[in-house]
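Enquirer: Before I ask anything, let me first share the structure, which is written out below as structure tokens.
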Amino acid sequence: MSGSTLQTSNDSSDSSAGCRPCLHGGVYGPETNRQPMMGGPARPPESWETGLKDTMIAFPEEITRVQALFDRRGLYAWHCHIVEHEDNEMMRPYFVGSNPPSRPPT
């Protein structure tokens with residue numbers, strides 16, 4: 001199951017909040033580009049961002065795209081690695097495949 005594109009956005013306009021490391025659990029893929037949220041051209045990843053990764057950096061007011069390589073259908077989760085966010089369980093589940101469950105398991 002490859003070829004899906006994940007998009008992560010950091011809609012914070014507070015540049016002092018900085019970038020956010022986001023983990024897409026169990027998913028690896030190369031970053032494809034970044035684009036300003038309010039429009040403008042996409043730019044390629046930096047040289048140190050190439051290759052298979054499971055964590056990406058989401059810069060303020062940007063959309064980050066990753067070519068995801070999934071090894072199975074099912075539930076996955078993404079979350080931010082800022083300690084305050086982790087401590088408050090700020091995570092989002094997402095489903096890959098057809099026929100998602102009516103609600104995620106708890």
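Enquirer: Give the stretch 73-91 a look and list any residue that's modelled with pLDDT under 75 and assigned to a strand (DSSP E or B), or say none.
Expert: If the condition is that a residue be modelled with pLDDT under 75 and assigned to a strand (DSSP E or B), then HIS79, CYS80, MET91 are the ones that fit.
Enquirer: Here's a follow-up. Of all residues in the stretch 18-56, which are over 17 Å from ALA77 (Cβ atoms), in contact with a strand residue (DSSP E or B) (Cβ under 8 Å, 6 or more places away or on another chain) and modelled with pLDDT under 80?
Expert: CYS19, PRO30, GLU31
Enquirer: Out of curiosity, is PHE70 at pLDDT 80 or above and out of contact with any Pro (no Cβ under 8 Å at 6 or more places or on another chain)?
Expert: no
Enquirer: Cβ-Cβ below 8 Å, separation at least six or inter-chain, first residue in the stretch 45-63 and of a type in the set (Asp, Glu), second assigned to a strand (DSSP E or B) and at pLDDT 85 or above: which pairs?
Expert: GLU61/PRO36; GLU62/ARG34; GLU62/GLN35; GLU62/PRO36
Enquirer: While we're on this one: Among the residues of the stretch 92-106 satisfying the criterion of being of a type in the set (Ser, Thr, Tyr) and more than 16 Å from the chain's Cα centre (by Cα), which is modelled with the lowest pLDDT?
Expert: Here the answer is THR106.
Enquirer: How about the stretch 28-48: which of its residues are in a loop (DSSP other than H, G, I, E, B) and surrounded by 11 or more Cβ atoms within 10 Å (Cβ to Cβ)?
Expert: Across the stretch 28-48, the qualifying residues are PRO30, MET37, ALA42, PRO44, PRO45.
The values are calculated or read from the model by the stated rules, or taken from the named source; none is laboratory data. Here the structure is a predicted model, which is why all the values come from computation and not from measurement. Every residue, glycine as well, gets a Cβ built from its backbone with ideal geometry; the counts of neighbours run over all protein chains shown.
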